[in-house]
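Participant: Pasting a structure below so you can have a look.
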Amino acid sequence: MYAHDEVRGWGAQGPSDDVIDAASVLLRMLADPTRMRILWLLGQREYDVATLAEDLQTARPAISQHLAKLKLAGLVQSSKDGRRSVYSLRGLHLHELLTEVFSAADHQANALPDHRYNASMSPGRGRAG
């Protein structure tokens, strides 16, 4: 168990309904492949819309719409660099979540063996192998 889990009192019953709802919104934002690619790139460095569109070979308006949704959901932030807006990922938790999701997908897609999880161990420490 992580230290913040004890402070928040999550324990066996899990987080509050508000936290569950926020997690649901976050996961819905991750359900789109283009948004996942955008978030992954933003986890590496800051990007403007034009560079994201070029790197993802996607139209600028589509990238702008995805960024607006991600910003509204609180997953990305923007700042001004002259006349252009530059976007970045908000926080380390999201980058770590993406890394875990992609790792799990890689295991599934490439038939790699699963890591063992012992449910009797505290969350966050139950990984082995």
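Participant: Give the residues of the range 45-94 that are of a type in the set (A, V, I, L, M, F, W, C), under 15 Å from Met29 (Cβ atoms) and within 14 Å of the chain's Cα centre (by Cα), sorted by residue number.
Facilitator: Answer for the range 45-94, where residues must be of a type in the set (A, V, I, L, M, F, W, C), under 15 Å from Met29 (Cβ atoms) and within 14 Å of the chain's Cα centre (by Cα): Leu67, Leu70, Ala73, Leu75, Val76, Leu89, Leu94.
Participant: Then there's this: Return the residue satisfying two criteria in turn: it lies in the range 42-61 and is farther than 9 Å from Leu89 by Cα and of a type in the set (A, V, I, L, M), and of such residues it is surrounded by the most Cβ atoms within 10 Å (Cβ to Cβ). Full working, then the answer.
Facilitator: Within the range 42-61, the subset farther than 9 Å from Leu89 by Cα is 47-61.
The next check asks that each one be of a type in the set (A, V, I, L, M); those that pass are 49-50, 52-53, 56, 59.
Values: Val49: 19, Ala50: 11, Leu52: 22, Ala53: 17, Leu56: 16, Ala59: 10.
The residue in question is Leu52.
Participant: One residue is enough: does the range 25-34 have a residue meeting the conditions at pLDDT 95 or above, in a helix (DSSP H, G or I) and surrounded by 14 or more Cβ atoms within 10 Å (Cβ to Cβ)?
Facilitator: yes
Participant: State the number of residues belonging to the range 77-113 that are over 22 Å from Leu52 (Cβ atoms), open to solvent by less than 80 Å² (accessible area, probe 1.4 Å) and either in contact with a Leu (Cβ under 6 Å, 6 or more places away or on another chain) or of a type in the set (S, T, N, Q) (or both).
Facilitator: 1
The values are calculated or read from the model by the stated rules, or taken from the named source; none is laboratory data. These figures come from a predicted structure and were not determined experimentally. With ideal geometry, Cβ positions are generated from the backbone for all residues, glycine too; neighbour counts draw on all protein chains shown. Keep in mind that these areas ignore ligands, DNA and RNA; they rest on the heavy atoms of the full protein, side chains included. Shrake-Rupley method; radii C 1.70, N 1.55, O 1.52, S 1.80 Å.
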